[in-house]
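The values are calculated or read from the model by the stated rules, or taken from the named source; none is laboratory data. All of these numbers come straight from a predicted model, not from anything done at the bench. Cβ atoms come from the backbone with ideal geometry, glycine included; neighbour counts cover every protein chain shown. Calculation scope for accessible area: heavy atoms of the full protein, side chains included, ligands and nucleic acids excluded. Shrake-Rupley method; radii C 1.70, N 1.55, O 1.52, S 1.80 Å.
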Amino acid sequence: MRKKHHHKKKPSFTKKWSAKLHLWFGLSIGIIVFIVSLTGTMYVFKDEIQGALRKDAIYVKAETITQKPLSIEALREKVALEINEKYPISSVEIPLDKNKSYEFLYYEKDKKAWNYFDEVKINKLIYVNPYTGEILGIYNEKYDLFPILKAIHWSLLLKADWGKYVVGIPVILFIIMLITGIILWWPKSKKTAKGRFWFNWKNVKNWKRKNYDLHRILGFYASFISLLLSLSGIYFAFPWVKNAFNFTLSGSVDLPKEKEIKSPDSLLTKNNSVFDLTAQETRKLYAGSSSFRIPLNGKNKKGKELKNIPVIVYGENGKFAIRNQIVFDKYSGKLLSNKPHQELNNAEKYANANYDIHTGSYFGLVGKIIWFITGLICTSLPITGFLVWLGKKKKGIKTLS
């Protein structure tokens, strides 16, 4: 009798092309996926690590706390005199916790530079005891581990404006890889599904099989969080992604533009206590918040002159999602507008929350742990994927021989 030959069913068109795209993109962007995933994973617990390492600078001694802190102008002058930088102080972040120090920031960028180290002229953070004026810590953030990790993750240490595309385009390809990976993983039947949810290495001694399972099974479990991470990442890089989010959430491509507020007080002579007046009013309006930031150099992030004083109030420590904005006249300190978080539309709320979603802090400590584990898996995928390809390539060479 003739033996019946059971031919393997040919893969579908979708799986065939998913396999090709998964392989081609994996080989072309694997190294970038590895670097971006590794740096992102290392960045997840930044706040917890820095909080422990800078504890003596962040918190003031209990015996130095008085009823009223020194004026912001007096503290600014003291910092400027002691640090003696050629650049002006950019801003101050004031915590509502009386046990914490003020954070004075020096930050300037060079628009003509092509890499991170030339682009950031200065990024220096000064922790100051607001009751005594004592400088508790000076940190050159430009050369600190976490800002460098962030710059690698964001632009591979290239200029931020265009370096974000060097990372952003591979991330788009990585999204396609995640989708094709799910398609390739998807079982044909319930019977084949059993071995795709967990490792069954009882009788497996071949490292190639174990490596394949690591790539396939861990990749599947990490893929859904990875999609969220990738989408929230390209939200920063590509305006069209942000526009798509805005339209989906609020029915408009653009976020509401802040109207320029004119005040008759702007014709008056500047009040020397203007920053203290803004701080005092902010404390009254948002007593239950975490901290607030006041620009001190009269410029915004893009270096343009501010016509008023916009104060950003952060609702929770270590998070940016709950953000309120108050605007004061820069001469008199008069309150011009108050826009609490609750009055923002959905697109504005998401814009504020996207960074927290991307880092996992939006979901608290549990979210950070899940994000960290997902990041480790994403870091491993280019390695295990390359080894799968290498194993198949060697097998093909041996077969030909």
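Please name which of Ile35, Ser290, Gly137 has its Cα lying farthest along the dipole of the chain towards the positive end, using unit charges on Cβ (Lys, Arg +1; Asp, Glu -1) and the Cα centre as origin.
Ile35
Non-local amide H neighbours of Val60 (under 5 Å, H modeled in plane, Pro and chain starts lacking H): which ones?
Residues meeting the criterion, in which the H sits 1.01 Å from N, are Lys100, Ser101.
Under the rule of at least 5 residues apart or a separate chain, name every residue whose amide H is placed under 5 Å from the amide H of Leu306.
Those qualifying (amide H under 5 Å, at least 5 residues apart or on another chain) are Lys299, Asn300.
Past the 28 Å Cα-Cα mark, which pairs from Lys159/Lys339; Lys98/Lys330; Lys55/Lys164; Lys262/Lys349; Lys112/Lys164?
Lys159/Lys339; Lys55/Lys164
How much of the accessible area of segment 1-132, in percent, comes from carbon and sulfur atoms when a 1.4 Å probe is used?
Carbon-and-sulfur percentage of accessible area, whole number: 58.
Which option, (1) 79, 62, 51; (2) 63, 62, 37; (3) 106, 45, 40, is the value of Cα extents along the principal axes in Å that was calculated from these coordinates?
(3)
Say we join alpha carbon atoms closer than 10 Å with springs in a Gaussian network model of the chain; which of Ser232, Ser90, Ser252 then has the biggest fluctuation?
Its mean-square fluctuation being the largest, the pick is Ser252.
Relative to the longest principal axis of the chain, what angle (0 to 90°, nearest 10) does the C-alpha long axis of helix 145-155 take?
Roughly 60 degrees between the two axes.
If amide hydrogens are placed 1.01 Å from N in the peptide plane, which non-local residues have theirs closer than 5 Å to the one on Leu136?
For Leu136, the qualifying residues are Tyr127, Val128, Asn129.
Using each residue's phi in segment 101-111, evaluate 6.51 cos²θ - 1.76 cosθ + 1.60 at θ = phi - 60° and report the 3J(HN,Hα) Karplus result to the nearest Hz, with x for Gly and Pro.
Values, residue by residue: 7, 7, 10, 9, 10, 9, 8, 9, 10, 9, 5 Hz.
Where nothing but the Cβ of Lys and Arg (+1) and of Asp and Glu (-1) is charged, how large is the charge dipole of the chain around its Cα centre, in debye to the nearest 20?
Using Cβ point charges on Lys, Arg, Asp and Glu, the chain gives about 4120 debye.
Determine the calculated [θ] at 222 nm for the chain from helices alone, applying -39500 (n - 2.57) to every DSSP H run no shorter than 4 residues and normalising by the residue count; nearest 500 deg cm²/dmol.
Values: 14 runs with 201 residues, N = 401.
One gets -16500 deg cm²/dmol as the mean residue ellipticity at 222 nm.
Any idea of the accessible area per residue across the chain, 1.4 Å probe, to the nearest Å²? Please list the in-between numbers first.
Values: 24090 Å² over 401 residues.
On a per-residue basis, the chain sits at 60 Å².
With angles folded into 0 to 90 degrees, how steeply does helix 219-237 sit against the dominant principal axis of the chain? Use alpha carbons for both and round to 10.
40 degrees
Short version: ³J(HN,Hα) in whole Hz for each residue of segment 332-344, in order, from phi by Karplus 6.51 cos²θ - 1.76 cosθ + 1.60 (θ = phi - 60°), x for Gly and Pro, what are they?
9, x, 5, 5, 9, 7, 9, 10, x, 3, 4, 8, 6
I want the local charge near Leu27. Using Cβ-Cβ distances under 15 Å, sum +1 for each Lys or Arg and -1 for each Asp or Glu among the other residues.
Around Leu27, the surrounding residues sum to +3.
Stretch Phe363-Asn206 to full length: gain in nm at 0.36 nm per residue minus the Cα-Cα span?
Once the chain is fully extended between Phe363 and Asn206, it gains 52.6 nm.
Once you have the Cα-Cα distance between Asp110 and Glu134, take 0.36 nm times their residue separation minus that, and quote the gain in nm to one decimal.
Residue separation times 0.36 nm, minus the Cα-Cα distance, leaves 5.6 nm.
Using a Gaussian network for the chain with springs between C-alpha atoms less than 10 Å apart, which of these wobbles most: Phe34, Phe104, Phe13?
Sorting by GNM fluctuation, first place goes to Phe13.
Mind checking the angle between helix 160-185 and the chain's longest principal axis? C-alpha axes, 0 to 90 degrees, to the nearest 10.
40 degrees
Return the sequence-ordered ³J(HN,Hα) values of segment 15-24 in whole Hz as given by the Karplus equation 6.51 cos²θ - 1.76 cosθ + 1.60 applied to θ = phi - 60°, using x for Gly and Pro.
5, 4, 6, 5, 5, 5, 4, 4, 6, 4
In the Gaussian network model of the chain, springs joining C-alpha atoms below 10 Å, which of Ser337, Ser155, Ser101 carries the largest mean-square fluctuation?
Ser337
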